[in-house]
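A.B. asks: Mind having a look at this structure? Questions to follow.
The values are calculated or read from the model by the stated rules, or taken from the named source; none is laboratory data. All of these numbers come straight from a predicted model, not from anything done at the bench. Here the Cβ positions follow ideal geometry from the backbone for every residue, glycine too, while neighbour counts run over all protein chains shown.
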Amino acid sequence: MIFPLLRIVVGSILLASGFSKVIHPYQNFLYVVQAYQLLPGWAETLAAIVMPWVELMIGLFLVLGLWTIQVLRWALMLFAVFIVVVAQALMRVLPLDHCGCFGSWIQATPRQIIVFDSFCFLVLMVLLRHWTKTRRFSLDERFTR
Amino acid sequence: MMSKQKLTLMIVAGAVIAAVAVKVFLSLSVQSLDPSLMRVKGDLAAKVHIVEFIDFQCPACADGAFKIKKIYTLHPKDIRIEMKYFPLVTVHRHTMTASTYAECAARQGKFWPMHDLLVERQAQWSPLISAEGMFTQFAREAGVEEVTLRRCLASPDVEQTVMQDRDLGRSLGVQSTPTYFINNKMVVGSKSLMDELNQYFPQSP
């Protein structure tokens, strides 16, 4: 029971995070991306437009449990990217008041969010390792019967 | 039974439609950017109209104000600037007070000198426990009449004006500061501001 529950919880986090950004003008998230000073200008704009949709879709598919194994791998990669991006910002002591990860809904500092992202990363690794249990209560089950 | 691929496509399409529908619904409540003449400077016929949503305690706003002031000095006839309040009260403890002082200065026709003092000396008042003494000092320097200022600060409609601006900003999708509308195009932060202004004024500072 715990594995599908964790899958749905992590999926919901990504879904809510992506949705909160998608429904607002992309310029708000662009401002967040620019604060990390990692990408050239054109890539910042691209990331600001694409990333929220990626989060939303991965979150949705995790919640529904469709293509579970593939989506778990994508989610792992996504959290790995988040961890690297926030870690480099912390190492460079960039002046970030909050991480900007959840739009304006939740404000967390980079230190708080790197702990949270690392925890989610570990949870996803466990879910991927126990993928047969993780796939319970999922749409995937309908196609494997 | 429906194939997995078909179900995937339906879910993706459903999610896109739902998100777009929410976005459209939110855009229905957008209010217009009616100018408050007390907080405007520049020619109405200027080719670039900037509406800024400002939080007086945000360091990026001070940086943006410095850049706008510089470019306005170079092209005074080409730029019209209007200021709207967007105090981030959960993050900055003095921002509401700073906004009310600026609004009371505006009602005496002294918004811009007060604005300049607030942003230029932000680093001095921002860490204070109480900044009202310093704001009163700024008001004096800006030429604001003190008795009228006190009466204005006690009036509840000042804070209401500030909150109306903030609500307008929220309806337009403003989440952080500084957010600018340059000829109605939204840009957030001073980097995007300069990228946009460079299109109108190449080699901006």
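A.B. asks: Against the definition (more than 23 Å from residue B:186 (Cα to Cα), surrounded by 15 or more Cβ atoms within 10 Å (Cβ to Cβ) and assigned by TED's automatic domain parsing to the domain that holds residue B:165), how does residue B:110 come out, yes or no?
C.D. replies: Against the criterion (more than 23 Å from residue B:186 (Cα to Cα), surrounded by 15 or more Cβ atoms within 10 Å (Cβ to Cβ) and assigned by TED's automatic domain parsing to the domain that holds residue B:165), residue B:110 qualifies.
A.B. asks: Just to be sure, is residue A:84 crowded, with 19+ Cβ neighbours inside 10 Å, assigned to a helix (DSSP H, G or I), more than 10 Å from chain B (Cβ to nearest Cβ) and β-branched (Val, Ile, Thr)?
C.D. replies: Considered against the rule, which asks whether it is crowded, with 19+ Cβ neighbours inside 10 Å, assigned to a helix (DSSP H, G or I), more than 10 Å from chain B (Cβ to nearest Cβ) and β-branched (Val, Ile, Thr), residue A:84 comes out as no.
A.B. asks: Suppose we keep only residues that are in a loop (DSSP other than H, G, I, E, B) and in contact with a Phe, Trp or Tyr (Cβ under 9 Å, 6 or more places away or on another chain) within the stretch B:62-117. Which one would you say is nearest to residue B:134 (Cα to Cα)?
C.D. replies: Going through the qualifying residues, I end up with B:94.
A.B. asks: Condition first: at pLDDT 90 or above, assigned to a helix (DSSP H, G or I) and surrounded by 14 or more Cβ atoms within 10 Å (Cβ to Cβ). Can you find one or more residues in the stretch B:46-59 that meet it?
C.D. replies: yes
A.B. asks: Something else now. Kindly indicate whether residue B:186 is assigned by TED's automatic domain parsing to the domain that holds residue B:84, in contact with a Pro (Cβ under 8 Å, 6 or more places away or on another chain) and either assigned to a helix (DSSP H, G or I) or closer than 27 Å to residue B:47 by Cβ (or both).
C.D. replies: Values: assigned by TED's automatic domain parsing to the domain that holds residue B:84: yes; in contact with a Pro (Cβ under 8 Å, 6 or more places away or on another chain): yes; either assigned to a helix (DSSP H, G or I) or closer than 27 Å to residue B:47 by Cβ (or both): yes.
In short, yes.
A.B. asks: Okay, next question. Considering only the stretch B:175-191, state which residues are among the β-branched types (Val, Ile, Thr), facing chain A (nearest Cβ under 8 Å) and more than 11 Å from residue B:51 (Cα to Cα). So that I can check it myself, show each step before the final result.
C.D. replies: Going residue by residue through the stretch B:175-191, those that are among the β-branched types (Val, Ile, Thr) are B:177, B:179, B:182, B:187-188.
From what's left, facing chain A (nearest Cβ under 8 Å): B:179, B:187-188.
The one that is among the β-branched types (Val, Ile, Thr), facing chain A (nearest Cβ under 8 Å) and more than 11 Å from residue B:51 (Cα to Cα): B:188.
A.B. asks: Being assigned to a helix (DSSP H, G or I) and over 13 Å from the mean Cα position of the chain (by Cα) is the filter; apply it to the stretch B:31-45 and report the residue that is modelled with the highest pLDDT. First the steps, then the outcome.
C.D. replies: From the stretch B:31-45, those assigned to a helix (DSSP H, G or I) are B:37-39; that's our starting set.
Those still in the list that are over 13 Å from the mean Cα position of the chain (by Cα) too: B:37-38.
Working: B:37: 70, B:38: 78.
In this case the residue turns out to be B:38.
A.B. asks: Suppose we filter A:77, A:1, A:91 for residues that are surrounded by fewer than 22 Cβ atoms within 10 Å (Cβ to Cβ) and modelled with pLDDT of 95 or more; which single one remains?
C.D. replies: Numbers: A:1 fails: modelled with pLDDT of 95 or more; A:91 fails: modelled with pLDDT of 95 or more.
Of A:77, A:1, A:91, the one residue that is surrounded by fewer than 22 Cβ atoms within 10 Å (Cβ to Cβ) and modelled with pLDDT of 95 or more is A:77.
A.B. asks: Another one. Residue B:3 fails exactly one of the following numbered conditions: (1) among the small types (Gly, Ala, Ser); (2) touching a residue at least 12 places away in the same chain (Cβ under 8 Å); (3) facing another protein chain (nearest Cβ under 10 Å). What is the number of that condition?
C.D. replies: Just one mismatch for residue B:3, condition (2).
A.B. asks: Looking at the stretch B:98-106, can you tell me whether even one residue there is touching a Lys or Arg at 6+ places or on another chain (Cβ under 8 Å), buried (at least 16 other Cβ atoms within 10 Å of the Cβ) and either within 14 Å of chain A (Cβ to nearest Cβ) or among the charged types (D, E, K, R) (or both)?
C.D. replies: The answer is no; no qualifying residue exists.
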